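Data block below; observations after.
Every number here is computed from the coordinates shown, using simple stated rules; none is lab data. Bear in mind that the values here come from a model prediction, so they are computed numbers and not experimental data. When we count neighbours, we look across all protein chains shown, and the Cβ atoms used for this are built from the backbone with ideal geometry, even at glycine.
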Amino acid sequence: MNRVVIIDEHPLVRMAVRTLLEKAHYQVIAENNGEDAYNTIDNYYPDIIIIDIAIHSQSGLSLIKRVRNMGFPGIIIVVTAKSADLYAPRSAQAGANGYISKKRPFHDILLAITAAQNGYGFFPYQSHAIERVAPTADAEKLERLSAREFQVLQHILSGNDNGKIAASMHVSTKTVSTYKSRLMDKLECPTPLALFEFMRRNQLE
């Protein structure tokens with residue numbers, strides 16, 4: 001139970017995680033920058049996956065769901081700079097065993113792996129050691145979003161316009177506009193400027 005695949009766009013992050021894991025006697029069998037990550041996992045079939053959900057080639061959350069749906073029984077630890085209040089619960093729902101903020105010491109990765117090996121999750125809302133980012137009221141608003149509304153929000157955060165969002169989600173631009181309207185209502189952001197301020201306030205990126 002010590003074969004690891006690391007998926008992250010940033011070479012320095014991959015190197016840092018590899019160094020940490022190898023010192024702890026884990027075997028890093030492959031690295032991937034996000035391109036064709038599913039095939040890397042399928043080909044090497046590791047015991048542990050360390051993944052950043054902010055990969056441009058696809059949604060990291062969608063990749064986690066896909067890996068779980070194919071029957072992957074191992075440990076998946078998310079290591080990302082994304083907002084914990086927004087992404088930690090979604091990571092858990094997708095099938096991750098743990099969530100580590102890149103603002104935390106990377107040694108937390110080892111703690112998360114150990115917790116998962118013993119049948120426990122490792123998430124910000126379960127640990128006093130990891131500070132919550134978003135105010136409680138905003139976190140509750142984010143929890144109101146449906147899976148599709150959340151997906152649209154991710155595209156907005158990536159700077160995609162309605163056409164790109166529609167193509168990626170295989171829906172019409174009218175449907176995208178409907179999702180946008182709903183998520184703005186649920187987040188209580190009546191204008192695009194208010195939505196931008198919500199993102200800035202909660203360090204969403």
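Things to note:
- Partners for LYS103 among lysines (Cα-Cα distance below 16 Å; same-chain residues under 8 apart left out): LYS82
- Its convex hull of Cα atoms gives region 3-87 a direction-averaged projected area, equal to a quarter of the hull surface, of 5.3 nm².
- Kirkwood-type radius of region 136-201, with distances r between different C-alpha atoms, in Å: 11.9
- Charge dipole of the chain (Cα centre as origin; +1 on each Lys and Arg Cβ, -1 on each Asp and Glu Cβ, all else neutral): 280 debye, rounded to the nearest 20.
- Remark: spin-label model distance ALA147-LYS102 equals 2.7 nm, labels positioned 7 Å along the Cα→Cβ axis.
- Gyration tensor (alpha-carbon) shape descriptor, region 7-55, a/c threshold 1.5: oblate
- CD proxy at 222 nm, helix term only [per DSSP H run n ≥ 4: -39500 (n - 2.57); per residue of the chain; nearest 500]: -15000 deg cm²/dmol
- Across all directions, the shadow cast by the convex hull of region 62-116 built on its C-alpha atoms averages 3.6 square nanometres.
- Across the options ALA194, SER181, ILE100, the greatest Cα extent toward the positive end of the charge dipole of the chain (unit charges at beta carbon of Lys, Arg, Asp, Glu) belongs to SER181.
- The mean sequence distance of close C-alpha pairs (under 8 Å, at least 6 residues apart), as a share of the length of region 136-201, puts its relative contact order at 36 percent.
- Computed from the Cα positions only, the extents of the chain along the three principal axes stand at 52, 36, 29 Å, in decreasing order.
- Estimated from the Cβ-Cβ distance and a Förster radius of 30 angstrom, the FRET efficiency linking GLN27 and MET169 is about 0.20.
- Secondary structure note: in the chain, about 0% of the DSSP beta bridges are antiparallel.
- Length gained on full extension, THR178 to GLN93, computed as 0.36 nm times the residue gap minus the Cα-Cα distance: 28.2 nm.
- For the chain, relative contact order (Cα pairs under 8 Å, six or more residues apart, normalised by length) works out to 15 percent.
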